[in-house]
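The values are calculated or read from the model by the stated rules, or taken from the named source; none is laboratory data. Please read these numbers as outputs of a predicted model, since none were measured by experiment. Methodologically, a virtual Cβ is constructed for each residue, glycine included, from the backbone with ideal geometry; neighbour enumeration extends over all protein chains shown. Please note that ligands, DNA and RNA were not included when accessible areas were found on the heavy atoms of the full protein model with its side chains. Shrake-Rupley method; radii C 1.70, N 1.55, O 1.52, S 1.80 Å.
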Amino acid sequence: MRHLSVLILLLAAAVGTACSQNQAAANEAEDIVASRTKDLTKTINYGHRPVAKRDIDVVVIHSTYYLGPDSFNIDGVLKQFKRYDVCSHYIVGRDGTIYKTVAENNVAYHAGVSTLPGTNRKNCNSFSIGIEVICSPSQGPTDEQYNSLVALVKDIKTRYTINYVVRHSDIAPGRKTDPWRFDWKGFNQRLKEE
Ligand SMILES: [Zn+2]
């Protein structure tokens, strides 16, 4: 009986440690996101629509750049989005700045015609959060962008049960190829780390 009690105590301690580690990782991600985020939601009136309530369980990773001079400039990217009436919830700049462009509860127009792989769930915009990483087919994301992106997805996971983190090319194969030059394996590995 005594052995059992000791075992239970040890198990409880182990679970407690794991929980506090998770909590510490979540706090760290939250701190990184808070220190790098610029909130632009009040100035962006295109590419999204408000909804009373929606269920979110998917994060979609994209990449984008401005088809003009200074192609990695946030203002150019936003000008382009406005022209096509599209937007994502977040855009990660080359220096790791996280531009919050659409409130998470709103439906943002980032995915277009899409189907979640392995399911028949279409129109991924309605149940996802979209994140654009500014890069090009010849210049992939910077280390700072990966760092911000990992923290941002971890932070989002503290608010929603995210069952799928997917690439735009996963949900619109044949039509979309982004994110470009993206270390998908390394990124997913870092998402799993504490
Ligand atoms: Zn995309």
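For segment 182-194: of the residues being surrounded by fewer than 18 Cβ atoms within 10 Å (Cβ to Cβ) and part of a helix (DSSP H, G or I), which is nearest to the ligand (Cβ to nearest atom)? Per the stated criteria, the residue is TRP184.
Taken as a whole, the condition of being open to solvent by less than 50 Å² (accessible area, probe 1.4 Å), touching a residue at least 12 places away in the same chain (Cβ under 8 Å) and among the small types (Gly, Ala, Ser) applies to ALA29. Set side by side, the residues ARG175, ARG121 differ, and just one is more than 19 Å from ASP39 (Cβ to Cβ) and within 16 Å of the ligand (Cβ to nearest atom), which is ARG175. For TYR109, which of the numbered conditions (1) within 18 Å of TYR164 (Cβ to Cβ); (2) touching a helix residue (DSSP H, G or I) at 6+ places or on another chain (Cβ under 8 Å) fails to hold? Result: TYR109 passes all but (1).
Within segment 37-65, the set of residues being open to solvent by 20 Å² or more (accessible area, probe 1.4 Å), β-branched (Val, Ile, Thr) and assigned to a loop (DSSP other than H, G, I, E, B) comprises THR41, THR43, VAL51. Counting only strands (runs of 3 or more DSSP E) that sit wholly inside segment 66-181, those with at least 2 residues that are open to solvent by less than 40 Å² (accessible area, probe 1.4 Å), in contact (Cβ under 8 Å) with a residue 60 or more places away in the chain and of a type in the set (A, V, I, L, M, F, W, C) are 128-134, 164-167. In the set (1) modelled with pLDDT of 95 or more; (2) assigned to a helix (DSSP H, G or I); (3) of a type in the set (Gly, Ala, Ser), ALA14 fails one condition alone, (1).
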